[in-house]
């Protein structure tokens, strides 16, 4: 279980001059190094520098966060199958994820507040949102026009709900589209809570992208047996959560 990063050293970090501060931040942000500066702390420093109008420090901290987001984005793109299945260029996939998360951090106060305490958790949630958005675009491009006429009232469970909404035609009324998006958001949010990141990736790729077990295993660089194990675990949790 992830715990909130203690903030006792933040004032001391803020008091450092730029040279000393960025020497500290340049150390690996993982492991047991007592001088490590976590992404939570870097983001808090960024917010405080921005609020104080210190453009020089703000820009440098922005570069640090961008590098960290790109590193996290590459790892997520590999695990989730965004690369190479949805985007053949790993750097592009990572950049798309990083850009999406940056937008959430800068324009959504609740996400920013969450990132100050649990940066990695916030990243995983928003990267998953970016993954779903990409999957939706792929499904819309691949599905023949007029292929879906199933009502949301006729489906049950998050898998069916999201799969149906991904195939909806573009001639929905504004009200219908809003209701459909709300159904997807609810289903996705519940899946993210009950499934581990590995189960979530396998479930998304199997049910929403309709990939075979072997293709998922190749994309995630694991064995088909591992994918089946993750899928079985995910299915049990989904059935229990949604009374299926």
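Tell me yes or no: at least one residue of region 45-67 is part of a helix (DSSP H, G or I), touching a residue at least 60 places away in the same chain (Cβ under 8 Å) and within 13 Å of residue 119 (Cβ to Cβ).
For region 45-67, residues part of a helix (DSSP H, G or I), touching a residue at least 60 places away in the same chain (Cβ under 8 Å) and within 13 Å of residue 119 (Cβ to Cβ): present.
Quickly run through region 17-44 and pick out the residues that are at pLDDT 90 or above, in a loop (DSSP other than H, G, I, E, B) and over 20 Å from residue 71 (Cα atoms).
17, the sole residue that qualifies.
Give the number of residues within region 194-234 that are touching a residue at least 12 places away in the same chain (Cβ under 8 Å) and either buried (at least 17 other Cβ atoms within 10 Å of the Cβ) or part of a helix (DSSP H, G or I) (or both).
The qualifying residues number 27.
The values are calculated or read from the model by the stated rules, or taken from the named source; none is laboratory data. Predicted model, so just to flag it, every value in this text is computed and none were measured. So basically every Cβ, Gly included, is an ideal-geometry build from the backbone, and we count neighbours across all protein chains shown.
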